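The values are calculated or read from the model by the stated rules, or taken from the named source; none is laboratory data. Computed from a predicted model, the values in this text were never measured in an experiment. Neighbour counts run over all protein chains shown; Cβ positions are idealised from the backbone, glycine included. Heads up: the accessible areas ignore ligands, DNA and RNA and are worked out on the full protein's heavy atoms, side chains in. Shrake-Rupley method; radii C 1.70, N 1.55, O 1.52, S 1.80 Å.
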Amino acid sequence: MKTVYTCFCTDIIHEGHLNIINEAQKYGELTVGILDDKSSVRYNRFPTKSFEERRAMVAAIPGVAKVITQDEIFYDKVIAQLKPDYVIHGDNWKAEPECVIRDNVEKLLQQYGGEIIDVPYTYNENVKREDAKIREKLMMPEYRRKRLRQLLALGQVKAIEVHSGLTGLIAEKTVVERDGGLDQFDAMWISSLCDSTAKGKPDIELVDMTSRFRTIDDVMEVTTKPIIFDGDTGGVTEHFVYTVRSLERMGVSAVIIEDKTGLKKNSLFGTEVEQTQDDIPHFQEKIRAAKKAQLTDDFMIIARIESLILERGMEDALTRAHAFVEAGADGIMIHSRKKDPAEIVEFCDKFRAVNKETPIVVVPTSFNVITEEELAEHGVNIVIYANQLTRSAFPAMEQTAKDILKYHRAKEVDDRLMSIKQVISLIEEI
Ligand code: SPV
Ligand code: MG
């Protein structure tokens, strides 16, 4: 009897999967690999069912002889283990970015004469509806809110700044092929700098919370990934407790507040402008009050330390980190505006020598030479790319405006623009 292998990365079985199973049976005995949680997040999206539920769901389908775990997007390990005569898959994997996986399988099968079977991909109204149901579930506050903690349990989380529905879609949908695997962002950062800049306002807590919540809403309406909210100083404690309740109710996963008081200016100004750091007991009080106001175990309150930005030294930064954790902070963000990542690395190593658990967050805007992998080696759990989408869009838009003024028509800029068709297809209609 010949053997057939396929890999499923799905929370539901629809007619497309059943079609693959039916087709597979014409060739031999079918083994189905269930992609594990970590790989599912990289490849597709966060599973709404546990691994065990997914495994049981597939094992119960007639025609499935065996179910195994596939713990990598690439098939090297499973193919070495099973040596199947055939690998069967929907032909959607011929398109980018999944085609790298098909290429990988093709190469592996060629080594011993195995074959790929491409089955026409089933994408009809029923399948679309099932797919939409999963997306809607992932969007719901109770599912989205806890996802940051779930992702942290799987490994390092990378977030990108968003400030609108459109930038949210970029964070949601951008997938690239990298080192033979696929990669995408895990979470979104609603930056005070970029949210303010998009409104043409300075980053001084001038854009009020109602307006910031409106941005969150715009992003949430079109995305499923978890949100980390830049809460600036959090304002006065009496107001911050209400902010926490609202964010939690909306389905935001975490708020980061910085230990500054008075008129907040952007950290990347450093000591060029007057900025006052909050004292430890007062900031601890804010954290304690917010943790008390919180209603679920899912939400995270992360304390951001400005000691390195304000040149108060490493000892001060570490003292604050431990004091804020003691007050109940669910994570620590350490910020720096040096190009050299040395002080960030030193902080992380010294903090981790004492505290192995509390998540560390960094924003490598200035110290952008360090990679996510290197940061992970020093115990960093969340990496936030805090402003790069805004900074890339602005020069492109400015140049287009200048050129239209220069040529008195738009023909000269057209080559570098996204086509209207691409714009339209970016936005899905319900
Ligand atoms: C933001 O993105 O608004 C931040 C990070 O707070 S930074 O601009 O580096 O202070
Ligand atoms: Mg900010």
Gain on full stretching of the segment that runs from GLU377 to ARG245 - 0.36 nm per residue minus C-alpha separation: 44.1 nm
Would you mind calculating the gained length between LEU405 and ASN368 on full extension (0.36 nm times residue separation, minus the Cα-Cα distance), in nm to one decimal? 9.8 nm
What lysines could a cross-link reach from LYS66, if we take a straight Cα to Cα line under 30 Å and drop same-chain neighbours fewer than 8 places away? LYS2, LYS26, LYS38, LYS49, LYS77, LYS83, LYS94, LYS107, LYS128, LYS133, LYS137
Sorting check: for 33-41, 237-245, which peptide has the highest mean count of neighbouring beta carbons within 10 Å, and how do the rest follow? 33-41, 237-245
Starting from 0.36 nm per residue, how many nanometres of slack lie between THR210 and GLU311 once their C-alpha separation is accounted for? 33.0 nm
So which trypsin sites (Lys or Arg not before Pro) in region 399-430 end up in coil per DSSP with only 16 or fewer other C-beta atoms within 10 Å? ARG409
Restricting to Cα pairs below 8 Å that are 6+ residues apart, what does the relative contact order work out to for region 5-73? Please round to a whole percent. 42
Hey, what did region 3-130 get for relative contact order, percent, Cα under 8 Å, at least 6 apart? 29
I'd like the accessible area for TYR43: 1.4 Å probe, protein heavy atoms, all chains in place, Å² to the nearest 10. 50
With a ≥ b ≥ c taken as the square roots of the eigenvalues of the C-alpha gyration tensor of region 140-386, please select rounded if a/c is under 1.5 and otherwise prolate if a/b is larger than b/c or oblate if it is not? rounded
GLU15-SER425 FRET efficiency (beta carbon distance; Förster radius 30 Å; 0.05 resolution): 0.75
Applying 1/(1 + (r/R0)^6) with R0 = 25 Å to the Cβ-Cβ distance of THR261 and ALA353, what FRET efficiency is obtained, to the nearest 0.05? 0.25
Report the FRET efficiency, 1/(1 + (r/R0)^6), for ALA65 and ARG129, where r is their Cβ-Cβ distance and R0 is 41 Å, rounded to 0.05. 0.85
Given a cut-off of 18 Å, name the pairs among LYS201/LYS402; LYS146/LYS291; LYS201/LYS265 whose C-alpha atoms lie farther apart than that in the structure shown. LYS201/LYS402
Accessible-area order for SER307, SER246, largest to smallest, probe 1.4 angstrom, reads SER246, SER307
Taking all protein chains in place and a 1.4 Å probe, what share, in percent, of the accessible surface of the chain do carbon and sulfur account for? 53
Classified through the alpha carbon gyration tensor (a ≥ b ≥ c as square roots of its eigenvalues; rounded if a/c is under 1.5, else prolate when a/b is larger than b/c, else oblate), region 3-130 comes out rounded
